[in-house]
Amino acid sequence: MSSRKGRKDAARVVREQLARERRRKRSLWISLGAVVVLVIAGLIGWSVWSSQQSDDFTAPPGANDAGTGIVVGSGPVTIDIYEDYLCPACKQFEQTSGATIEQLIADGKVRVVYHPVAFLNRYSSTDYSTRSSAASGCAAEGGKFTEFGKALFERQPPEGGAGLSDNELIDIGAEVGLDRDAFGSCVRDGKYRSWTEHVTNEASQANITGTPSILVDGEPVREWTPENITAAVEAAGR
């Protein structure tokens, strides 16, 4: 009698273990299914967001075909310059190597694509990186992109504050020869904010992680001294 009871108990234990295993496997598959659904939903959402970011923008005159930067010069070697108008190192780059870039353009050696990214909004209480980049698009519309950009670096505000106001940006534009009314309207309307977002997103997707970033025919210039930039251009032109 006790033997039969023991066998029944053993069988019950086995059935319970099998039932627990079935429940565990079922829960595992349900969890995996939920993860797959979330991944698919995330990919769909990212795809929709990415397509919207890529397509819904207005590029200013002078932009390259991809709309990721303003082209200056038409030489055989391409220099890509990624800058943020709030970036102190970018100001330093312009002070040390800006004249070299200008000379290379004047000599017909390079085609420069300026990418005014907005990486440093977190260091401004008014999204100054975005506002100044968008204003540079307005300056490009008025034919004064490089002049306006140079003036922005000369008047660069400190990180951690509000940055220059829209009125101050408009004053700078007027100082470099832009029509105050047309330029001012463009700045206040934020006409090129979507373009700035596009430029910034595309830079991130191109693995640009900091500013300034200088590429000569797609190859990074690690130390952006005048000598290194000139040497890289000469090597690329051979």
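What the table below lists for this structure:
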item: Reachable aspartates and glutamates, given that their alpha-carbon falls under 13 Å from the alpha-carbon of Lys109 and they are not under 8 places away in the same chain; result: Asp217, Glu234
item: Label zone at Asp217, where the point sits 7 Å out along the Cα-to-Cβ direction: the range 66-84 residues whose backbone N lies under 19 Å; result: 72-81
item: Residues Ala206 and Thr58, FRET efficiency given R0 of 22 Å [Cβ-Cβ distance, rounded to 0.05]; result: 0.60
item: By accessible area with a 1.4 Å probe, ligands and nucleic acids excluded, highest first: order of Leu120, Leu169; result: Leu120, Leu169
item: Sites Lys150 and Asn228 - FRET efficiency at Förster radius 22 Å, r taken between beta-carbons, to 0.05; result: 0.55
item: Calculated FRET value between Glu102 and Asp189, using beta carbons and R₀ = 30 Å, to 0.05; result: 0.45
item: Arg22-Gln95 pseudo-label distance in nm [points 7 Å out on the Cα-to-Cβ vector]; result: 7.7 nm
item: Separation of the Asp166 and Arg180 label points, Cα + 7 Å toward Cβ, nm; result: 1.7 nm
item: For the range 125-211, radius of gyration divided by Kirkwood radius, i.e. Rg to Rh on alpha-carbons; result: 0.96
item: Over the range 116-238, relative contact order from alpha-carbon pairs under 8 Å, at least 6 apart, %; result: 28 percent
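The values are calculated or read from the model by the stated rules, or taken from the named source; none is laboratory data. For clarity, every value in this text was computed on a predicted model and none was experimentally measured. Note: ideal-geometry Cβ built from the backbone for every residue, glycine included; neighbour counts use all protein chains shown. Please note that ligands, DNA and RNA were not included when accessible areas were found on the heavy atoms of the full protein model with its side chains. Shrake-Rupley method; radii C 1.70, N 1.55, O 1.52, S 1.80 Å.
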